[in-house]
Structures are given as C-alpha cells and as structure tokens.
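Laboratory data are not the source of any read-out in this text; all were calculated from the coordinates shown. A quick note: this is a predicted structure, and the numbers were derived from the prediction, not measured. All Cβ positions, glycine included, derive from the backbone under ideal geometry; neighbour counts span all protein chains shown.
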Amino acid sequence: MDIKGIDSAHKLAILSLLSFGKSIASNAIYVEGIEDISLSDIRYAQDFGYVIKLLAIAKNINGQLEARVHPTLLSKEHLLSNVKGVYNAIYVHGDLAGGTLFYGRGAGSKPAASSVLGDIIDVARNIKHNSVNRVPIYVEDKTIKKVRDIDDIDTRYYLRLSVIDKPGGLGKIAAILGRHGISIASVAQKERKQAKIVPVVMMTHDAKERNMRLALEEISRLGGIKKKTIAIRVER
C-alpha cells in the first residue's frame, strides 16, 4: 500500500514524460502521503459530497508542468471516485475528447505478471523485426519551460481544526484566513469528542497554496488550536 505516495510519484514521473514530453525527476514532484488522514476526515468529506483519494496529478498550466501527489477530495460524481480495492485508474482530460478513464487491476501476482510479460513481448518483437525506436516513446514539448512550484497552485481546500470550544475562537480563525485572501465556502462545527475540544470543518473557495500555508502557520500559533490542522486539496 502506497501510504506515503512515493510509488505514485515514480509513476507520475513516467506518465508526465509520456503525456507532456517533459522529463522530471520523482524527487522534484511534491509528495504528501495519507498517514494524517483519519476516519473522521472520510466521514466529514462524505457529508460535503466528496470522497478522499490519493492522487498523482499532472497538468500543463500555461507552459508550466504541475506535478503533485497528495490526498485529494473528489466529488462523488467524478469517474475516479468509484475506483476501489486492487483497481487503479488513469483519468485523462483532453481539450476535445473530454474525460477518459483507463481502469484495471493494479495489484496482485497475475496483473503484475501480465504487464511485465507484455513489455517483454514488445521488446522481443522490436528485436526480431529490427524496429527498435521506430516510433519514439515521447516527443519533447518545448513549450513547457519548468515544473510549477506547489506554492503557486490554486485550489479549494478542506480544513479540519481541533478547537477549544469558547467564544471568539472561530472568529479568529476566519480573520486569519481573510487576511491571507482565503474565503470560506462553508463551515460545520461537529460534536465534541474530547472535553472542551470540538472539530471544526471548513471548505474554502479557490486559494493560493502559498497563502494557505502561511495562514495555517499563523492559525497553529493560536492558543485555542490543540492539534495539527488537516488540510486536503480539492480537485474538480
């Protein structure tokens, strides 16, 4: 199981080369695992109409390659939302074709053996017919100038905060988010699970990653915050 997202980052490096013609080292990809995600987050996400998936995401954004691996909130209506168990999927969005899903078993001895055997057969055929490199596996895209820094992405966020239940606490959090240009789309205060501590769950509008990081650093210094705030990005 790819808890820390490392395996996904290596696969994303290969897929980015094939899809965008841009060679990128796996250690240049932003990686965040799912070890901080709790059962509560899964339930709260469902309340908002989402599921949580560990995604490897690559996009060409105005000549910059956005490559990142992290837990993600997906709408229950998204094609990737129902990929479960040993199944893996690749979702491709084209300008003309729209969304396309490639889906199949990604774990187990037989699926792995089938993939390896297919590669060996391709190599053997190329050698037999002297057709090595007849068709390049990728074409370099010179319009992509660099890998986009994670701080520059714009996305919505799910936030779960553990807050001491006293007047003014939520107002201070909202004020900090506002100072960093982050607008709250919805908020829900859940029932207490510990004495005087309540989970507060927020969904934001689109915000810059850099602004969110700075806001969370400031929020962590508030006296009323008792645990690390969980932030999960949202993909449409």
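Quick check on the stretch 183-236: of everything there that is among the charged types (D, E, K, R) and assigned to a helix (DSSP H, G or I), which residue is nearest to D165 (Cα to Cα)?
So in the stretch 183-236, the residues among the charged types (D, E, K, R) come out as 190-193, 196, 206, 208-210, 213, 217-218, 221, 226-228, 233, 235-236.
After this cut, where a residue has to be assigned to a helix (DSSP H, G or I) as well, the list is 209-210, 213, 217-218.
Values: E209: 28, R210: 28, R213: 24, E217: 20, E218: 19 Å.
It comes out as E218.
Looking at the stretch 100-124 only, could you name the residues that are out of contact with any helix residue (DSSP H, G or I) (no Cβ under 6 Å at 6 or more places or on another chain) and closer than 21 Å to E235 by Cβ? Give the steps one after another, and end with the answer.
Residues of the stretch 100-124 that are out of contact with any helix residue (DSSP H, G or I) (no Cβ under 6 Å at 6 or more places or on another chain), as a first pass: 100, 102-104, 106-124.
Of everything in the stretch 100-124, those that are out of contact with any helix residue (DSSP H, G or I) (no Cβ under 6 Å at 6 or more places or on another chain) and closer than 21 Å to E235 by Cβ turn out to be T100, F102, Y103, G106.
Here is a yes/no grid of residues against (1) within 14 Å of V69 (Cα to Cα); (2) small (G, A, S):
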residue	(1), (2)
I3	yes, no
L15	yes, no
L18	no, no
S23	no, yes
S26	yes, yes
I29	yes, no
E32	yes, no
**Request:** Any residue in the stretch 140-156 that's in contact (Cβ under 8 Å) with a residue 24 or more places away in the chain: show its pairings with residues that are among the aromatic types (F, W, Y) at Cβ separation under 8 Å, as long as the two are six or more apart or on different chains.
**Result:** D141/F20; I144/F20; I150/Y30
**Complete:** Checked pairs for the stretch 101-119, first closer than 15 Å to I90 by Cβ, second assigned to a helix (DSSP H, G or I) and aliphatic (A, V, I, L, M), C-beta under 7 Å and 6 or more apart or across chains, list as L101/L79
**the stretch 153-199: number of residues that are buried (at least 19 other Cβ atoms within 10 Å of the Cβ), under 25 Å from the mean Cα position of the chain (by Cα) and more than 29 Å from N60 (Cα to Cα)** = 4
**Item:** Within the stretch 12-35, tally of residues that are among the charged types (D, E, K, R) and either more than 14 Å from the chain's Cα centre (by Cα) or part of a strand (DSSP E or B) (or both)
**Value:** 1
